[in-house]
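All remarks here apply to the structure that follows.
Read-outs throughout are calculated quantities, based only on the coordinates presented, and are distinct from any laboratory measurement. Bear in mind the structure is a predicted one, so any value in this text is a computation, not a measurement. Note: ideal-geometry Cβ built from the backbone for every residue, glycine included; neighbour counts use all protein chains shown.
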Amino acid sequence: SKIRTRIAPSPTGFLHLGTARTALYSWAYARHFGGEFVLRIEDTDVARSTQDSVDQILESMRWLGLEYDEGPVYQMQRLDRYKAVVEQLIAEGKAYYCYSTPEELDAVREAKKARGEKALYDGTWRPAPGKTLPAIPEGVKPVVRFCNP
């Protein structure tokens, strides 16, 4: 299969030096192996993303001589695609909804740290055979977690 690399800067300011370096490596790798280099604009931080920042990023890419083969692709314009994939992953048992609040997650993390354990997610909402999940709380927006082994 063909090599595809990408860079995904956030349009909340100028192109960061570290992002420019990563873009150069991704671009060079794609070019070396006859692949494609994709520019994806990570515009999910709606409150801070600006068109001026997008314009600055595009100008910086031009100035660096990093021509992309696809894009710019905007994350927020692909939400329907992402939602469909999330639903597919959940239906296949590869992901699940987690209704733990940030405060609950912080409390679990702190309790584990106090016991000298790794501060990992405790799996409260991870489905398992024979496991009864808690009642879904009202007003809590879930996040999607992957079922990692």
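Residues of the stretch 99-122 with backbone nitrogen within less than 18 Å of a virtual label 7 Å along the Cα-to-Cβ line of V140, please, listed as ranges.
Zone members listed by number: 99-112, 120-122.
Could I have the simple spin-label model distance between E104 and H32, label points 7 Å from Cα toward Cβ, reported in nm to one decimal?
4.6 nm
Just how large is the dipole of the chain about the Cα centre, in debye to the nearest 20, putting +1 at every Lys and Arg Cβ and -1 at every Asp and Glu Cβ?
The dipole of the chain has a size of about 620 debye.
Is there a quick way to get the dipole size of the stretch 4-79? I mean about its Cα centre, with the Cβ of Lys and Arg at +1 and of Asp and Glu at -1; what is the value in debye to the nearest 20?
So the dipole magnitude of the stretch 4-79 works out to roughly 260 debye.
Calculate the length of the line joining the C-alpha centroid of the stretch 46-117 to that of the stretch 126-142, in whole Å.
23 Å
Give me the one-decimal Kirkwood hydrodynamic radius in Å for the stretch 4-127, with the sum taken over alpha-carbon pairs.
17.5 Å
So for the stretch 94-146, considering every pair of alpha-carbon atoms, how many percent are separated by more than 17 Å?
Cα-Cα pairs of the stretch 94-146 separated by over 17 Å account for 42 percent.
Enter the angle in degrees (range 0 to 90, nearest 10) between the Cα long axis of helix 51-64 and the first principal axis of the Cα atoms of the chain, meaning the one along which they spread out most.
50 degrees
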